[in-house]
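The values are calculated or read from the model by the stated rules, or taken from the named source; none is laboratory data. Here the structure is a predicted model, which means the values were calculated and not measured. No Cβ is skipped: glycine too gets one built from the backbone with ideal geometry, and neighbour counts run over all protein chains shown. Please note that ligands, DNA and RNA were not included when accessible areas were found on the heavy atoms of the full protein model with its side chains. Shrake-Rupley method; radii C 1.70, N 1.55, O 1.52, S 1.80 Å.
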Amino acid sequence: METVLKSHCDEQHPHQAEDFHGKHEQNSKLSAGIKKDIEKLYEAVPQLVNVFKIKEKIGEGTFSSVYLATAQLQTGYEEKMALKHLIPTSHPLRIAAELQCLTVAGGQDNVMGVKYCFRKNDHVVIVMPYLEHESFLDILNSLSFEEVREYMFNLFKALRRIHHFGIVHRDVKPSNFLYNRQLKEYALVDFGLAQGTPDTKIELLKTAHSEDKQGSCLQNNPTIALGNGVSVSVTAAKQIAQQSASKAADKRSNSLSKIQIKQGRGGKEDSVHHSVQRSVFGERNFNVYSSTYQENSSTKLIKQSKMIDVSSRKLVTKKKIISTKTVSNGAARKAASGCPSNLTCDCFATERVCSVCLSRCQQVAPRAGTPGFRAPEVLTKCPTQTTAIDMWSAGIVFLSLLSGRYPFYKASDDLTALAQIMTVRGSRETIQAAKTFGKSVLCTQVVPAQNLRTLCEKLRGTNSSCRRSQGEVPSESVNDSEGDGILEAKATDMKGWDQVPDEAYDLLDKLLDLNPATRITAKEALLHPFFKDMRL
């Protein structure tokens, strides 16, 4: 869910934010489109008319729009509120689950709470406190190191809070963690994609989790070719043993099309869609597949031209020609059920997918979230995902803060994103970690892991000559008083970035642990030496 509680002061510098609202109150000129949207909202939910005066549209996403409004309280005080209008097509269960997350876990420890909720037919408006905040991108390179430390400390407090209730946010990123720099106030928002852990205390997330497991699945072992002859492939671990035994078998001459058949709701087969995936509730499908997977819609699955005397493959060789345009539901089920789970193939680590692999049950795994912030277990479609995915996202936020680069990762699809992670964390390390959660990652080149301190300092353009953790002092010295003044001024301008302690990069390393089972938790992060002098 892309909606954020964002005001126009996001586009202002911090020193301009103070007088923004005064100007905003005087500026009654709104665009015709926004005026029309406000009028439509009043018409859709007429209860709002007597309570709120909607001032401006301050955010818009795929599944909702956010408005700035004022409420006239009984005390006579006028309070600013954020009105989140969910689109009518949002699933009722998802809406109810988001509300329950806000009411149960929200309101403390930097987690956004909820004031009221209005509903009229299929229109729902959630009313939340309004937090004036700055744009992350605007303030990124002006933040001092101490401000970054406070920012991460408060983010971990919010994550500890929601994880205590068994809530996986799934979309942790700067635009969903509001920050008022002047007041030092923080708020984790937008639980539209939230899911529950197996022991979640949010009852509606338990129901949503069971709903998410239904329907079609994701593709088995996608492969993508990257630049400089590098390609990455991900395969379920259960297939590895089955496929490795087939390397000694005879190679088949014909290549089969890489197609997925999407099953319709009515039990009948719809027309074939290439790489079509079922969305999790509230999920935007960010995955853009390479043209490598695009095939002509009339492509057929052709039977083998010759018999192979392998008893486990006789079933495949006897298959008739199947047109992808006319495949029936019964035929697909028969094909899937007819292939034993231990059936081997010879397409492992090749640029094609055989009929044996196509007939296997495919894997369901949630992949909701924002590109660039998804954890490796999400990118490889691991079916078991925990609160550790939020900690990875927090690590990416920390990586952006330390390096001064945002967004740090930007990829068009999941496998490219995984390859980008390899460039920082290493290909061998990624492959080894994937094995721990049942995935096989293939990479045609060995990419070494980078030193996080060296990387961040190079990107930020700083050099930590003084390590606070080691108590070292800068080696540079200037005899004349004028030179001392220059050095002192330079240190002030650095805002502490020339004295980043080793603990910062140790915490970053633990947040970007490729293995979700050993990745640091929010509770552990708050106790890390990096925050040793900060109060919980």
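Structure data summary
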quantity: Given (1) within 17 Å of I520 (Cα to Cα); (2) without any contact (Cβ under 8 Å) to a residue 60 or more places away in the chain, number of the condition L183 does not satisfy; calculated: (1)
quantity: Qualifying positions in the range 65-87 - open to solvent by less than 20 Å² (accessible area, probe 1.4 Å) and either of a type in the set (V, I, T) or on the phi > 0 side of the Ramachandran plot (or both); calculated: V66, T70
quantity: Hey, N220 modelled with pLDDT under 95 and touching a strand residue (DSSP E or B) at 6+ places or on another chain (Cβ under 7 Å) or not; calculated: yes
quantity: Total residues in the range 327-354, condition at pLDDT 55 or above and open to solvent by less than 20 Å² (accessible area, probe 1.4 Å); calculated: 5
quantity: Failed item in (1) over 25 Å from T454 (Cα atoms); (2) touching a residue at least 24 places away in the same chain (Cβ under 8 Å), with W392 passing the rest; calculated: (1)
quantity: Subset tally (residues that are farther than 21 Å from H91 by Cβ, among the hydrophobic types (A, V, I, L, M, F, W, C) and open to solvent by less than 20 Å² (accessible area, probe 1.4 Å)) for the range 163-202; calculated: 5
quantity: Some residue of the range 30-39 being modelled with pLDDT of 50 or more and within 12 Å of A69 (Cα to Cα); calculated: yes
quantity: Lone unmet requirement of (1) over 16 Å from N515 (Cα atoms); (2) at pLDDT 95 or above; (3) not in a loop (DSSP other than H, G, I, E, B) for G372; calculated: (3)
quantity: Residues of the range 157-208 satisfying the condition of being in a helix (DSSP H, G or I), hydroxyl-bearing (S, T, Y) and within 16 Å of G59 (Cβ to Cβ); calculated: S175
quantity: First in the range 342-371 and on the phi < 0 side of the Ramachandran plot, second anywhere and of a type in the set (S, T, Y) and open to solvent by less than 10 Å² (accessible area, probe 1.4 Å), Cβ under 6 Å, 6 or more apart; calculated: T344/S246; C345/S246; D346/S246
